[in-house]
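The values are calculated or read from the model by the stated rules, or taken from the named source; none is laboratory data. Note that the structure is a prediction, hence the values are computed from the model and not measured. Reconstructed Cβ throughout: ideal geometry from the backbone, glycine too, with neighbour counts over all protein chains shown. What goes into the accessible areas is simple: the full protein's heavy atoms, side chains included, and nothing from ligands, DNA or RNA. Shrake-Rupley method; radii C 1.70, N 1.55, O 1.52, S 1.80 Å.
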Amino acid sequence: HILRVVRQPNRSGQESGHVWTLRDITQQKLAEQTRDRFLDAATHELRTPLSNIKAYAETLASEDELEVEKQKEFCNVINSEVTRLSRFVDDLLSISSMEVGSLSVDLRPTEMERLFEEVLDKVRPLLGQKGHTLNVQLPEKLGEMKIDKDKVVAVLVNLLGNAAKYTPRGGHIGFKVKREEDGLRIAVEDTGVGISEAEASQVFDKFFRSDDPRVQAETGSGLGLSLAQEVAHMHGGEVTCESVLNEGTTFTLHLPEGKEAANARR
Ligand code: ADP
């Protein structure tokens, strides 16, 4: 805890200069850290794609003799940087609606097998690019659950995306779904860089990113897990993390049946 000595006004409300108390400013320090992290992440996440877009667009505009192949390549870079920018802006907007309490879930009966197929189709190219293997375990006859499909897909794609990002080439990624009495337990396992015990309690904090150079080498905003946790809570569930540094990590989404958070839209 961080304590600061403050001068208190005396009982009549005037500053007497004689009354001093200790105030716990831990919360304030934490808020400042979050703000600093936000500024770092935002600067990086906005500046890098913007300067790439500018550089490639300038080259396209000024070079008359550029081969068509090169032109295409530059347009593709611009396109993917714009995608990255929009993703960051979307995350920021979701975070700010979370802050004002207006992030809501739209719960509808959802075919779970189809949902998992959609998730896996989305991440397979990414896993393939890094040469990871994927081990999928799904129980038979999953049936329907009343959930916000788009948001649950986004959470799982994010967990699998992190597993792919934070695992060196040629790793093993597991996607294991278990049925339990009160719903589903969906585990995303990797054989990646892992998370130290000290950092494990922070990974769900907004804008938290590890200082580990293997994490810093990847792009990210530090918003994915805090959004994932919020979405889980809005379904009455939770995301938990188990990890061993340098060995691997398992994130588990517990998705309960028929338990909805109070602010869910029906
Ligand atoms: P981002 O990936 O954009 O940095 P997240 O909120 O998804 O943001 O994750 C926060 C941090 O948690 C990451 O920066 C990283 O330090 C850590 N982390 C998340 N997933 C993993 C994982 N599978 N293995 C190791 N570290 C992880």
Descending packing, highest mean Cβ count within 10 Å first, for 194-205, 216-227 is 216-227, 194-205
Any chance you could look up the accessible area of HIS172 with a 1.4 Å probe, heavy atoms only, rounded to 10 Å²? 110
Summing +1 for each Lys or Arg and -1 for each Asp or Glu, what net charge is found among the other residues whose Cβ lies under 10 Å from the Cβ of ALA187? +1
How would ASP121, ASP91 line up by accessible area, probe 1.4 Å, largest first? ASP121, ASP91
For ALA200 and LYS29, calculate 0.36 nm times their separation in residues minus their Cα-Cα distance, and state this gained length in nm to one decimal. 59.6 nm
Given a 1.4 Å probe, the accessible area of the range 70-203 per residue, as a whole number of Å², is 53
With the full set of protein chains in place, find how many percent of the accessible area of the range 26-122 is carbon and sulfur; take the probe as 1.4 Å. 52
How large is the accessible surface of GLU180 in square angstrom, using a 1.4 angstrom probe and rounding to the nearest 10? 70
